[in-house]
1. At pLDDT 60 or above and exposed (fewer than 12 other Cβ atoms within 10 Å of the Cβ): does that describe residue 26?
2. Can you name the number of the only condition in (1) within 16 Å of residue 132 (Cα to Cα); (2) at pLDDT below 90; (3) assigned to a helix (DSSP H, G or I) that residue 57 fails?
3. Would you call residue 131 modelled with pLDDT of 75 or more and either surrounded by fewer than 16 Cβ atoms within 10 Å (Cβ to Cβ) or in contact with a helix residue (DSSP H, G or I) (Cβ under 6 Å, 6 or more places away or on another chain) (or both)?
4. Answer yes if at least one residue in the stretch 57-68 is surrounded by 12 or more Cβ atoms within 10 Å (Cβ to Cβ) and under 17 Å from residue 124 (Cα atoms), and no otherwise.
5. List the number of the failed condition for residue 136; all other conditions in (1) at pLDDT below 70; (2) under 19 Å from residue 61 (Cα atoms); (3) part of a helix (DSSP H, G or I) hold.
6. Filter the stretch 105-128 down to residues that are out of contact with any helix residue (DSSP H, G or I) (no Cβ under 7 Å at 6 or more places or on another chain) and in a strand (DSSP E or B) and give me whichever is nearest to residue 55 (Cα to Cα).
């Protein structure tokens, strides 16, 4: 009688492909985003405290949210603004450049901050985010134009 074959537990990352096939890409990203929300870095936690609950200029920010094939650290969908907080491992990262390009191609602006900037100069970081949120994004041209007063559109009749 042969003994059943016991497979060793997979190393980090192994088995992810099977999980994606079985659960679908969206479900896998959703689980990853949920995990990232639970295990935020100190810098992400500090910035989130300033952005959550519409505390920051009344803007609705979400954290660790799936956007297309990526997970954004913070997202203000109304302003099409992605805020990323990175550690030193992201210095000159080609993957980050690809992410930023994908976000730009899909109408999002990306602001990146180093962890130490958030931890030591939160006010300065929030100022830059404020400027980024106030500046009209080129994707705004994709929205419908305002009504034309010359053609009588958008006028309210007063009776």
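The values are calculated or read from the model by the stated rules, or taken from the named source; none is laboratory data. Bear in mind the structure is a predicted one, so any value in this text is a computation, not a measurement. We place every Cβ from the backbone using ideal geometry, glycine too, and count neighbours over all the protein chains shown.
1. Values: at pLDDT 60 or above: no; exposed (fewer than 12 other Cβ atoms within 10 Å of the Cβ): yes.
So residue 26 fails the test.
2. Status for residue 57: all satisfied but (3).
3. Details: modelled with pLDDT of 75 or more: yes; either surrounded by fewer than 16 Cβ atoms within 10 Å (Cβ to Cβ) or in contact with a helix residue (DSSP H, G or I) (Cβ under 6 Å, 6 or more places away or on another chain) (or both): yes.
So residue 131 passes the test.
4. Going residue by residue through the stretch 57-68, those that are surrounded by 12 or more Cβ atoms within 10 Å (Cβ to Cβ) are 57, 59-68.
Filter once more, so that each one left must be under 17 Å from residue 124 (Cα atoms): 57.
Yes, that holds for at least one residue.
5. If we test residue 136 against (1) at pLDDT below 70; (2) under 19 Å from residue 61 (Cα atoms); (3) part of a helix (DSSP H, G or I), just (3) comes out false.
6. 112
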